[in-house]
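The structure appears right after this line, and notes come after that.
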Amino acid sequence: MRGLDSPRNGPKLGWSRVGGISQTRRVFGVLIRIDSVTKRYPDGTVAVDRLSLDIPDRSITVLVGPSGCGKTTTLRMINRMVEPSEGTILIDGVDSRQQSVNTLRRGMGYVIQNAGLFQHRTVVDNIATVPRMLGWSKDKARARARELMERVGLDASFAKRYPYQLSGGQQQRVGVARALAADPPVLLMDEPFSAVDPVVRKGLQDELLRLQAELGKTIVFVTHDIDEAVKLGTMVAVLRTGGRLAQFAPPAELLSDPADAFVEDFLGADRGIRRLSFFSSGGLDLLTAPVVAVDATAEQIACRAASDVPYLLVTGLDGRPLGWSEPGALTAGRVDVGQLLPYGRPFVAGKDSLRAALDCAVLSPTGWAVAVDAEGRAAGVVSQTAIGEAIRGAHAHASAHAASVDPKAATR
Amino acid sequence: MNRFFDIPSDLQHDWLGLIVVHLREALLPVLGGLLLALPLAQLCVRLRWLYPPVLWVTTVLYAIPSLAFFVVLIDYTGQTELTVMIPLTVYSLVVLVPAIVDGVRSVPQETLAAATAMGFGPVRRYVQVQLPIAVPAILAGLRVATVSSISLVSVGMLIGNQGALGNLLHDAQIYNRPELAWNSVITSAALAVLADGALVVVRVLLTPWMPGAKRGAKSRTAGARPESAAVPALEDAAR
Ligand SMILES: Nc1ncnc2c1ncn2[C@@H]1O[C@H](COP(=O)(O)OP(=O)(O)OP(=O)(O)O)[C@@H](O)[C@H]1O
Ligand SMILES: [Mg+2]
C-alpha cells in the first residue's frame, strides 16, 4: 500500500507515521490518548465528562452507548471539529493543538452516516478530494481513487457516476474509499453503516475487518449497535448518558464481566449466547460413526445404527451432507433423498465459533449439529449435550486464563 | 409589416440595434447584482443575524419606484444607460440574495461535516462545495432576475430615450403608430423567453449531478416562478 510516498506531496503530519512506516511499530501501542477531556457546549450541555481513553494503534476501537451520550462529540474532538473544554488529546504523544487543524484533519480519514458525499462530484473525484487538496496531479489522484475503488469492492464502472446514481451501501463504500485516499494513519467513523439494511451492513462490516487486516489503520468507530461493537471492536468503550465512560475492555471481557448494571443492560439479555462467538468450535468432539454415504451397504447401515445415536446423517458421494434419517428408515441401495430430514445450516469445524455450532444444533430437527470441513464435506456430527459441555469447559478455561484470551480467535 | 420594423430615426438605432442595447441594459445589472450578491450572501450565511436586516433592506430598496431612483441619480450620472442600470442592479438583489442564501443553506449537514473533516477551510468550502451545490437555486433566482430586468429596462424611456425597446412605447404615442408599441411589447417578451431558455440550458450543463427524476420535481417550483413572475414583471415596466 503506497500512499503519501512523494515527499513533495506528503502532508506534514504532526506525527511521522504515514503508510508503510507504521508496519514496523509495535502492535497495540497507544496512538491517541484522550486525557480527562470534558466538553461543555455553550448552552451548558455537558456532552462528555472527564473522559480518558487510550486508543490503541492499528486496531479498531469502538465507542458505543445510547443516543446522546457524547460519541460523536468525542470523535469530533479527536480531529478538532469540536474543541474540548478541558483536558488534552495527545496524538502519538503530541498535543493535537500543536498543529494546524487542516493539517491534522488531512491526516485523519472521516466517514459518516449517509457518507456525506459531494453530490456535485463524480465517484472518482469524491475519492480524489484529499489527494487533490494535498497537491497531487489530477491523473495521479484519479489513479489512486481507482485503486481504492477496487480495494473497497466498487466496480470500476462506477467511477464516472454521481452519488445519486449509487445505492446507500455503494455510497458508504465511496465514503470509506474517500477517507482512505491519502492513506491517513487514523480513520474516524461515525455510525458509517447504520443507514443501510442488515445484509449490506454485514457485508460492509466484513469488508472493514478485511481492510483493517490489510492496512492496519487506527480506527475509532462510533455505533449505538452493541452487536456491531462486539463484532468489529478490538477494544470497546461503553459510554453512558452524560458522556461518562462505563467500561473500556475487549469485547469478550465486556460480555463475560460487565462492569455494572448499566453495561449489562446495554449488552442485552443474550450476552451469554453472544459471548460464545469468542470460543472456537475446534475443541468439539465430532462423531463420525453416525455418518453414512448414500451408497452404503446394508451391513454398513446396520453397523452404524448399532452406535447409540438416534439418527444417521446421509452424505452424498462427494461427502457433502444430504440429510438425517432414522436407521430403520434406510434401505441399502434405495435411499430416497427426498425423505431425509433437513440438516439445517452446518458449521465449519474449527473456523466457526461455539455460537455457530450451538445455533446449528438448536435449529436441527434432530438436535444434532452437522460439522463440515472447508470444502463443505461432512466432518462429523455433535449433539447439543456435547456442545453444552464444551461451553462449560470453555468458560472454565477462559476464567482460568483470563489474561491470555485472544479476543479474535474465532471467526464470528 | 414593413412599418412594424420601421423604427423612427430619433431612436438612433434600427430594430436589432435596440435589441442589443436592451440586452446590455438588462443583463449587465443582473451580472452586477450577482457579483454583489455572492459575497453578501456568504456573509449572511456566516453571520446568521445579518440575513434578516439584509433581506429587509433589499426589499425596501425594491419598493422604491425606479422614477425616484432616476430623480436622485440623474444629478450624478446624467441621462445615461448607467442611470437605468443602477436601480436594476439593486432590484436584482431582492431575488438573488435569498436565492443564494437558501441554496447554500440547503447543503446537507453531512456534506459540510465531511468537507470540514477533510480539512477544507471556510473559503474553499464555500467555493468548492456550497456554491456548486447551490447552483440550481442560484440559477432559479437568476431566471427571475433576468426576466424582470428585461421588462424593467423599458422605464428608461422616461429619462430621454434610455429605455431601449421601451422607447418605442413613447414613439408609438407621439407618432400615433400603435404597431411600435406592439413591437416593443412582443420583442421584450420574446427576449425574456429566450434569455430564460438560455439559463435553463446553462443550469442543465452546470448540474450533470442532479438526479433526472428530481430535476423534474425541483424545477416545478423553480420553473413556475419565472413564468408567473414574467407577468407582474411586465406590469412593473410601467413603474
Ligand atoms: N452543538 C451543540 N450544542 C449543544 N449541545 C449539543 C451540541 N451538539 C451536541 N450536543 C448535545 O451533546 C450531547 C451529546 O451529543 P452527541 O452528538 O455527541 O451524541 P451521540 O452519542 O453522538 O448521539 P447519537 O447516537 O444520537 O448520534 C447531546 O445531549 C446533544 O444534545
Ligand atoms: Mg452521533
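The values are calculated or read from the model by the stated rules, or taken from the named source; none is laboratory data. Note that this is a predicted model, so its numbers are computed, not measured. No Cβ is skipped: glycine too gets one built from the backbone with ideal geometry, and neighbour counts run over all protein chains shown. These area figures cover heavy atoms from the full protein model, side chains too; ligands, DNA and RNA do not enter into them. Shrake-Rupley method; radii C 1.70, N 1.55, O 1.52, S 1.80 Å.
Go over the candidates B:Val97, B:Val147, B:Val107 one by one and state the one that is at pLDDT below 95, out of contact with any Lys or Arg (no Cβ under 8 Å at 6 or more places or on another chain) and of a type in the set (A, V, I, L, M, F, W, C). Walk me through how you get there before you give the answer.
Details: B:Val97 fails: at pLDDT below 95; B:Val147 fails: at pLDDT below 95.
On inspection, the qualifying residue turns out to be B:Val107.
Tally up the residues in region A:50-83 that are within 14 Å of another protein chain (Cβ to nearest Cβ) and open to solvent by less than 10 Å² (accessible area, probe 1.4 Å), please. Please lay out each step first, then the result.
Going through region A:50-83, the residues within 14 Å of another protein chain (Cβ to nearest Cβ) turn out to be A:72-73, A:75-83.
So of that shortlist, the ones also open to solvent by less than 10 Å² (accessible area, probe 1.4 Å) come out as A:75, A:77-79.
Total satisfying the criteria: 4.
How about region B:117-216: which helices (runs of 4 or more DSSP H) wholly inside it have at least 2 residues that are touching a Gly at 6+ places or on another chain (Cβ under 7 Å)? Give the derivation first.
Values: elements: B:122-125, B:131-152, B:167-174, B:178-206.
Ranges flagged: B:131-152.
Please return the ranges of strands (runs of 3 or more DSSP E) entirely within region A:202-308 where 2 or more residues are more than 21 Å from the chain's Cα centre (by Cα). Full working, then the answer.
On the way: elements: A:218-223, A:235-240, A:244-249, A:291-293.
The qualifying strands (runs of 3 or more DSSP E) are A:244-249, A:291-293.
Could you list all residues from region B:98-116 that are assigned to a loop (DSSP other than H, G, I, E, B) and more than 8 Å from chain A (Cβ to nearest Cβ)?
Looking only at region B:98-116, we keep the residues that are assigned to a loop (DSSP other than H, G, I, E, B), and these are B:106-108.
Hits for region B:98-116 are B:Ser106, B:Val107.
From the list A:Leu180, A:Leu117, A:Leu134, A:Leu188, which one is over 25 Å from B:Leu131 (Cβ atoms), more than 16 Å from ligand 1 (Cβ to nearest atom) and touching a helix residue (DSSP H, G or I) at 6+ places or on another chain (Cβ under 9 Å)? Break it down into steps so the answer makes sense when it comes.
Numbers: A:Leu117 fails: over 25 Å from B:Leu131 (Cβ atoms); A:Leu134 fails: over 25 Å from B:Leu131 (Cβ atoms); A:Leu188 fails: more than 16 Å from ligand 1 (Cβ to nearest atom).
Exactly one of A:Leu180, A:Leu117, A:Leu134, A:Leu188 is over 25 Å from B:Leu131 (Cβ atoms), more than 16 Å from ligand 1 (Cβ to nearest atom) and touching a helix residue (DSSP H, G or I) at 6+ places or on another chain (Cβ under 9 Å), namely A:Leu180.
Each row is one residue, and each column tells you yes or no for (1) open to solvent by 60 Å² or more (accessible area, probe 1.4 Å); (2) touching a residue at least 12 places away in the same chain (Cβ under 8 Å).
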residue	(1), (2)
B:Val60	yes, no
B:Pro65	yes, yes
B:Ser106	yes, yes
B:Ala114	no, no
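Tell me, which residue of region A:78-102 that is of a type in the set (A, V, I, L, M) and not in a loop (DSSP other than H, G, I, E, B) is farthest from ligand 1 (Cβ to nearest atom)?
Looking only at region A:78-102, we keep the residues that are of a type in the set (A, V, I, L, M), and these are A:78, A:81-82, A:89-91, A:94, A:101.
Among the residues that remain, those that are also not in a loop (DSSP other than H, G, I, E, B) are: A:78, A:89-91, A:94, A:101.
On the way: A:Ile78: 12, A:Ile89: 15, A:Leu90: 21, A:Ile91: 20, A:Val94: 25, A:Val101: 17 Å.
If we take residues in region A:78-102 being of a type in the set (A, V, I, L, M) and not in a loop (DSSP other than H, G, I, E, B), then A:Val94 is farthest from ligand 1 (Cβ to nearest atom).
Are any residues in region A:265-323 in contact (Cβ under 8 Å) with a residue 60 or more places away in the chain and of a type in the set (Ser, Thr, Tyr), and if so, which ones?
Hits for region A:265-323 are A:Ser277, A:Ser280, A:Ser281, A:Thr288, A:Thr315.
Which one is nearest to the other protein chains (Cβ to nearest Cβ), of the residues in region A:145-166 that are over 21 Å from A:Pro192 (Cβ atoms) and either assigned to a helix (DSSP H, G or I) or of a type in the set (A, V, I, L, M) (or both)?
So in region A:145-166, the residues over 21 Å from A:Pro192 (Cβ atoms) come out as A:146, A:156-157, A:159-160.
With the extra rule that they be either assigned to a helix (DSSP H, G or I) or of a type in the set (A, V, I, L, M) (or both), the set shrinks to A:146, A:156-157, A:159.
Details: A:Arg146: 19, A:Ala156: 20, A:Ser157: 17, A:Ala159: 14 Å.
Filtering region A:145-166 for residues that are over 21 Å from A:Pro192 (Cβ atoms) and either assigned to a helix (DSSP H, G or I) or of a type in the set (A, V, I, L, M) (or both), the one nearest to the other protein chains (Cβ to nearest Cβ) comes out as A:Ala159.
List every residue pair whose Cβ atoms sit under 7 Å apart, with the two residues 6 or more apart in sequence or on different chains, where the first one lies in region A:352-374 and is over 20 Å from A:Phe278 (Cα atoms) and the second, anywhere, is open to solvent by 50 Å² or more (accessible area, probe 1.4 Å) and part of a helix (DSSP H, G or I).
Matching pairs, first to second residue: A:Gly367/A:Gln384.
Could you tell me which numbered condition A:Met133 fails, if it satisfies all but one of (1) surrounded by fewer than 23 Cβ atoms within 10 Å (Cβ to Cβ); (2) within 20 Å of the chain's Cα centre (by Cα)?
Condition (2) is where A:Met133 drops out.
Looking at (1) assigned by TED's automatic domain parsing to the domain that holds A:Ser52; (2) at pLDDT 90 or above; (3) away from ligand 1 (no atom under 16 Å from the Cβ), can you tell me which one A:Val200 breaks?
Answer for A:Val200: the failing condition is (2).
Could you grab me the full set of residues in region A:119-144 that are assigned to a helix (DSSP H, G or I) and over 15 Å from A:Ala182 (Cα atoms)? First the steps, then the outcome.
So the first thing to find is which residues in region A:119-144 are assigned to a helix (DSSP H, G or I), and the list is A:123-127, A:129-133, A:138-144.
Within region A:119-144, just A:Val123 meets the criteria.
If you check A:Arg105 against the conditions, is it open to solvent by 10 Å² or more (accessible area, probe 1.4 Å), assigned to a helix (DSSP H, G or I), away from every other protein chain (no Cβ under 13 Å) and in contact (Cβ under 8 Å) with a residue 12 or more places away in the chain? Steps first, answer last, please.
On the way: open to solvent by 10 Å² or more (accessible area, probe 1.4 Å): yes; assigned to a helix (DSSP H, G or I): yes; away from every other protein chain (no Cβ under 13 Å): no; in contact (Cβ under 8 Å) with a residue 12 or more places away in the chain: yes.
Against the criterion (open to solvent by 10 Å² or more (accessible area, probe 1.4 Å), assigned to a helix (DSSP H, G or I), away from every other protein chain (no Cβ under 13 Å) and in contact (Cβ under 8 Å) with a residue 12 or more places away in the chain), A:Arg105 does not qualify.
So, in region B:43-58, how many residues would count as being open to solvent by 70 Å² or more (accessible area, probe 1.4 Å) and touching a residue at least 60 places away in the same chain (Cβ under 8 Å)?
Residues meeting the conditions: 1.
Please enumerate the residues belonging to region A:49-77 that are among the basic types (Lys, Arg) and near ligand 1 (Cβ under 8 Å from one of its atoms).
Of the residues in region A:49-77, the ones among the basic types (Lys, Arg) are A:50, A:58, A:71, A:76.
Of everything in region A:49-77, those that are among the basic types (Lys, Arg) and near ligand 1 (Cβ under 8 Å from one of its atoms) turn out to be A:Lys71, A:Arg76.
Does A:Ala246 count as modelled with pLDDT under 90 and within 16 Å of ligand 1 (Cβ to nearest atom)? Spell out the reasoning first.
Details: modelled with pLDDT under 90: no; within 16 Å of ligand 1 (Cβ to nearest atom): yes.
In short, no.
From the list A:Arg151, A:Arg161, A:Arg132, A:Arg144, which one is on the phi < 0 side of the Ramachandran plot, touching a Pro at 6+ places or on another chain (Cβ under 9 Å) and of a type in the set (Lys, Arg)? If you could, list the steps in order and put the result at the bottom.
Working: A:Arg151 fails: touching a Pro at 6+ places or on another chain (Cβ under 9 Å); A:Arg161 fails: touching a Pro at 6+ places or on another chain (Cβ under 9 Å); A:Arg132 fails: touching a Pro at 6+ places or on another chain (Cβ under 9 Å).
Checking each option against the conditions leaves just A:Arg144.
Yes/no matrix, rows are residues, columns are (1) within 14 Å of another protein chain (Cβ to nearest Cβ); (2) within 16 Å of ligand 2 (Cβ to nearest atom); (3) not aromatic (Phe, Trp, Tyr):
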position	(1), (2), (3)
A:Glu191	yes, yes, yes
A:Leu204	no, no, yes
A:Glu207	no, no, yes
A:Glu228	no, yes, yes
A:Lys231	no, no, yes
A:Met235	no, no, yes
A:Gly242	no, yes, yes
A:Ala249	no, no, yes
A:Glu253	no, no, yes
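Out of the residues in region A:111-144 that are of a type in the set (A, V, I, L, M, F, W, C) and within 7 Å of chain B (Cβ to nearest Cβ), state the one that is nearest to A:Leu188 (Cα to Cα). Full working, then the answer.
Initial filter on region A:111-144 (of a type in the set (A, V, I, L, M, F, W, C)): A:111-112, A:115, A:117-118, A:123-124, A:127-128, A:130, A:133-134, A:136, A:141, A:143.
Next cut, within 7 Å of chain B (Cβ to nearest Cβ) only: A:112, A:118, A:130, A:133.
Details: A:Ile112: 9, A:Phe118: 18, A:Val130: 15, A:Met133: 19 Å.
Out of the qualifying residues, it is A:Ile112.
Whether any residue in region A:370-386 is in contact with a helix residue (DSSP H, G or I) (Cβ under 6 Å, 6 or more places away or on another chain) and crowded, with 21+ Cβ neighbours inside 10 Å is what I want to check. Steps first, please.
Of the residues in region A:370-386, the ones in contact with a helix residue (DSSP H, G or I) (Cβ under 6 Å, 6 or more places away or on another chain) are A:384.
In the following step, the residues that additionally are crowded, with 21+ Cβ neighbours inside 10 Å were identified as none.
No; the residues of region A:370-386 include none that is in contact with a helix residue (DSSP H, G or I) (Cβ under 6 Å, 6 or more places away or on another chain) and crowded, with 21+ Cβ neighbours inside 10 Å.
Among the numbered criteria (1) away from every other protein chain (no Cβ under 14 Å); (2) within 14 Å of ligand 2 (Cβ to nearest atom); (3) at negative phi, which single criterion is violated by A:Val37?
Among (1) away from every other protein chain (no Cβ under 14 Å); (2) within 14 Å of ligand 2 (Cβ to nearest atom); (3) at negative phi, A:Val37 violates only (2).
Here are the criteria: (1) away from chain A (no Cβ under 14 Å); (2) touching an Asp or Glu at 6+ places or on another chain (Cβ under 7 Å); (3) of a type outside the set (Phe, Trp, Tyr). Tell me which single one B:Ala137 does not satisfy.
(1)
Exactly one of these conditions fails for A:Asp336: (1) free of Cβ contacts under 8 Å to residues at least 40 places away in the same chain; (2) in contact with a strand residue (DSSP E or B) (Cβ under 8 Å, 6 or more places away or on another chain). Give me its number.
It is condition (2) that A:Asp336 fails.
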